[in-house]
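Readers should treat all values here as calculations from the given coordinates under stated rules, not as data from a laboratory. For clarity, every value in this text was computed on a predicted model and none was experimentally measured. Every residue, glycine as well, gets a Cβ built from its backbone with ideal geometry; the counts of neighbours run over all protein chains shown.
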Amino acid sequence: MITPQPRLRAMLSLSITAVFIGGLIASQWLLTDSVQRMQFGARLAPPSLEHWLGTDALGRELWARTLAGLALSFWVGCLAALLSTLIALSLAALATLSARLDALVSLLIDTLLSVPHLILLMLIAFALGGGTQAVIIAVAVTHWPSLARVLRAELWQLRQAPYVHISRALGKSRWFVLHGHLLPHLLPHCLVGALLLFPHAILHEAALTFLGFGLSPSQPAIGVLLAEAMRYLNGGYWWLGVFPGLGLLLMVLMFERLSSQLRRAL
Amino acid sequence: MLEAHQLGFQFLSGEPLLSGISLTLRAGQWVGLSGDSGAGKSTLGKLLAGYLTPQAGEITLAGMALPDSGIQPVQWLPQSPELSVNPRWRVGRILREAWTPSEAQCQAFGIHPRWLSRYPQSLSGGELQRVCVLRALAPGIRFLIADEISTMLDPITQVELWQALQQEAENRQLGVLVISHDSALLKRLCPQRFHLSSGQLKPW
């Protein structure tokens, strides 16, 4: 059997994800009031032709709220993953400047990796007063260590390359070597690292919100939908938790798949 | 004048590789260095170019220590040109990293203008070596350590490369240390030659 090339697979994966995300973003312009519109005559209605994924306790359409929740999770995940990657890259670059800075960065990485993720997330989100910004910052400042460790190791290896020594001998500054020789090599690592961070970021955002430390209950976040669903699961209203959960799972799996395909292709 | 006084060197987990090495390289002088594999020829070249720090002795340039920053007056040309260039840079950028050679200089070293827009992976080892040699000849360079630079070249290209380098060295009074296993090549290029064995230099 002929297997598709890694680049072709990555392109296919990228196209599917782009269509999904494009649809998700477009749906937010089309569904402006469907997300919050209450239908008191159709409270907790099960999935049907009229209410595709059912309705919640206030008669709001679950498909519209799930789409809105996924879109919100996407933006939070994007910003948190981007910020996290920037922190990881900056600290890895800083570590190459001197042995003392390297020891400091390594200590910081080890310290953060030794603290349980969720506890630190809750503490930071709580300290920042909750809300979208607090969640993004909390997720970003707790997710960079693993990527920073990879980037730091990669930079140390690259620094031993003869062309780096030759560049220094030709009179080039440390800064030139860093941005001219070293950082361009790290871009694929950063891209894949950010994509791998993204599913973690949205899962932790949902977990934080579910636990009450994240986004405001007035926002149609996946974590809010799941927390609300918990109150009604005993009553047999399964659709309240299943569809937002499946939507989140689908998005996480899609980005996991994309990042692993890109890692093979790059 | 590049001088090495009583140099001693050993890697972290090993026996002393070089001991009591003294060598003088004057402006415009060509000195040959031969030795068995693992004798420490490349290590001595790297010490002279400031890539490694000796554990004993000192290296001086006109009586002063080698500079810590800026363009190094002693340039080391390694054996593998593939490792000496950034694989993400085009050849033109690699060549002009420190200075911009003239068209005549490119021609003298057999560098074709169409190579400049290509990536190093698409050039042969010999073609890439010529680019590396010319890149190292930046203004301000006074000494060259040529470490087996013509091993991968065909005989005609070897002659062209050494002729171009001899011409450039004569014009600029560059001192050149030629490291090679090829005793015929060393006899042809270098009036003064040394053999490195058991960490010691012996004239031949």
Legend entry - Matching residues in the range B:2-59 - criterion: being among the β-branched types (Val, Ile, Thr), over 16 Å from residue B:146 (Cα atoms) and in contact with a strand residue (DSSP E or B) (Cβ under 7 Å, 6 or more places away or on another chain): B:21, B:59
Inset, instruction - Identify the single condition in (1) surrounded by fewer than 17 Cβ atoms within 10 Å (Cβ to Cβ); (2) assigned to a helix (DSSP H, G or I) that residue A:263 does not satisfy, given that it satisfies every other one. - result: (1)
Inset, instruction - Residues being surrounded by 20 or more Cβ atoms within 10 Å (Cβ to Cβ) and either farther than 15 Å from residue B:116 by Cβ or more than 7 Å from every other protein chain (Cβ to nearest Cβ) (or both): count how many of those fall in the range B:80-92. - result: 3
Legend entry - Matching residues, the range A:41-78, being among the acidic types (Asp, Glu) and outside any loop (DSSP other than H, G, I, E, B): A:61
Legend entry - Where a residue in the range B:12-37 is closer than 18 Å to residue B:203 by Cα and its partner, wherever it lies, is among the charged types (D, E, K, R) and in a strand (DSSP E or B), with Cβ under 6 Å and at least six apart: B:24/B:3; B:32/B:193
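Here's the yes/no breakdown for (1) among the small types (Gly, Ala, Ser); (2) assigned to a helix (DSSP H, G or I):
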residue	(1), (2)
A:206	yes, yes
A:219	no, no
A:224	no, yes
A:233	no, yes
A:241	yes, yes
A:244	no, yes
A:247	yes, yes
A:253	no, yes
Inset, instruction - Return only the number of the condition from (1) surrounded by fewer than 16 Cβ atoms within 10 Å (Cβ to Cβ); (2) without any contact (Cβ under 8 Å) to a residue 40 or more places away in the chain; (3) under 21 Å from the mean Cα position of the chain (by Cα) that residue A:126 does not satisfy. - result: (2)
Inset, instruction - Scan the range A:173-181 and give yes if some residue there is out of contact with any Pro (no Cβ under 9 Å at 6 or more places or on another chain), crowded, with 21+ Cβ neighbours inside 10 Å, part of a helix (DSSP H, G or I) and within 14 Å of chain B (Cβ to nearest Cβ), otherwise no. - result: yes
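This table checks each residue for (1) acidic (Asp, Glu); (2) away from every other protein chain (no Cβ under 14 Å).
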| position | (1), (2) |
| --- | --- |
| B:78 | no, no |
| B:104 | no, yes |
| B:120 | no, no |
| B:137 | no, no |
| B:182 | yes, yes |
